[in-house]
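Heads up: the structure comes next, in structure tokens.
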Amino acid sequence: MKRFVALALSLLFSACNCGRDPVPLCPDGDDLEVPTEQWVHVPEGSAIVYQHNPPASGPHYPVWAKLGAYTQTVPRGYWMHNVEHGAVVFLHRPDAPEERIQLLRETFAKLPNDPFCGTPRAILTPDPEMEVEVAIVAANHVLRGDCLDEAAILAFVEARRGKGPENVCLDGNYAPP
């Protein structure tokens, strides 16, 4: 009986796959409203300094990224333009535990289409500049933490996608090499 209880508790505490043992559940993360840093174009390749990490508004390149999941980093200046267009961006530090990155990828793959655009209108990319391990960015909002669960991510996307200052469905031209 003790072995059964121990096994049941082990399964319950590891359900999140958040990499720490034991972990009762992933927290919902911090859903932050981020002050606007303007929405201005800067020359492509310019160095951009944002006040918030990860940023949820601010200067960006005139070219935006193609929607989709990437294993190579999409620079912030490109995906920030997607955010201006109402997209959501899934971010992870490259050194985040693989199970967290995998959970982010699986959740990204489950995104329903944005009713306005008919596509998920989202990007997934590594971001080596982040302080936390994972984050979801929408215009002026960030859901971030060291472990986010699928339900919290999907609720954030549902509430925030399509709320950028420009509602644009066109795919971008930039993709990392």
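The values are calculated or read from the model by the stated rules, or taken from the named source; none is laboratory data. Computed from a prediction, not measured in an experiment: that's the story for all the values here. Cβ coordinates were reconstructed from backbone atoms using ideal geometry, including for glycine residues, and neighbour counts include every protein chain displayed. With ligands, DNA and RNA removed, areas are computed over all heavy atoms of the protein, side chains included. Shrake-Rupley method; radii C 1.70, N 1.55, O 1.52, S 1.80 Å.
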Counted residues in the range 34-43 being open to solvent by 100 Å² or more (accessible area, probe 1.4 Å) and at pLDDT 95 or above come to 1
Here is a list of conditions, (1) assigned to a loop (DSSP other than H, G, I, E, B); (2) surrounded by 17 or more Cβ atoms within 10 Å (Cβ to Cβ), and residue 107 meets all of them except one; can you say which number that is? (1)
For the range 158-177, pairs from a residue that is on the phi > 0 side of the Ramachandran plot to a residue that is open to solvent by less than 40 Å² (accessible area, probe 1.4 Å) and in a loop (DSSP other than H, G, I, E, B), with Cβ under 9 Å and 6 or more apart or across chains, are 162/86; 162/87; 162/114; 162/117; 162/121
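Return yes or no: is residue 136 closer than 15 Å to residue 100 by Cβ and in a strand (DSSP E or B)? Give the derivation first.
Details: closer than 15 Å to residue 100 by Cβ: yes; in a strand (DSSP E or B): yes.
Considered against the rule, which asks whether it is closer than 15 Å to residue 100 by Cβ and in a strand (DSSP E or B), residue 136 comes out as yes.
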Only one of these conditions is not met by residue 48: (1) under 17 Å from residue 126 (Cβ atoms); (2) free of Cβ contacts under 8 Å to residues at least 40 places away in the same chain; (3) in contact with a Lys or Arg (Cβ under 7 Å, 6 or more places away or on another chain). Which number is it? (1)
Of the numbered conditions (1) under 11 Å from the mean Cα position of the chain (by Cα); (2) farther than 26 Å from residue 43 by Cβ; (3) buried (at least 22 other Cβ atoms within 10 Å of the Cβ), residue 145 satisfies every one except a single condition; which is it? (3)
Looking for whichever is on the phi > 0 side of the Ramachandran plot and in contact with a strand residue (DSSP E or B) (Cβ under 9 Å, 6 or more places away or on another chain) here; the options are 144, 121. Which one fits? 121
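Yes/no per residue for (1) in contact (Cβ under 8 Å) with a residue 24 or more places away in the chain; (2) of a type outside the set (Phe, Trp, Tyr); (3) open to solvent by less than 40 Å² (accessible area, probe 1.4 Å):
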| position | (1), (2), (3) |
| --- | --- |
| 87 | yes, yes, yes |
| 90 | yes, no, yes |
| 94 | yes, yes, no |
| 113 | no, yes, no |
| 117 | yes, yes, yes |
| 136 | yes, yes, yes |
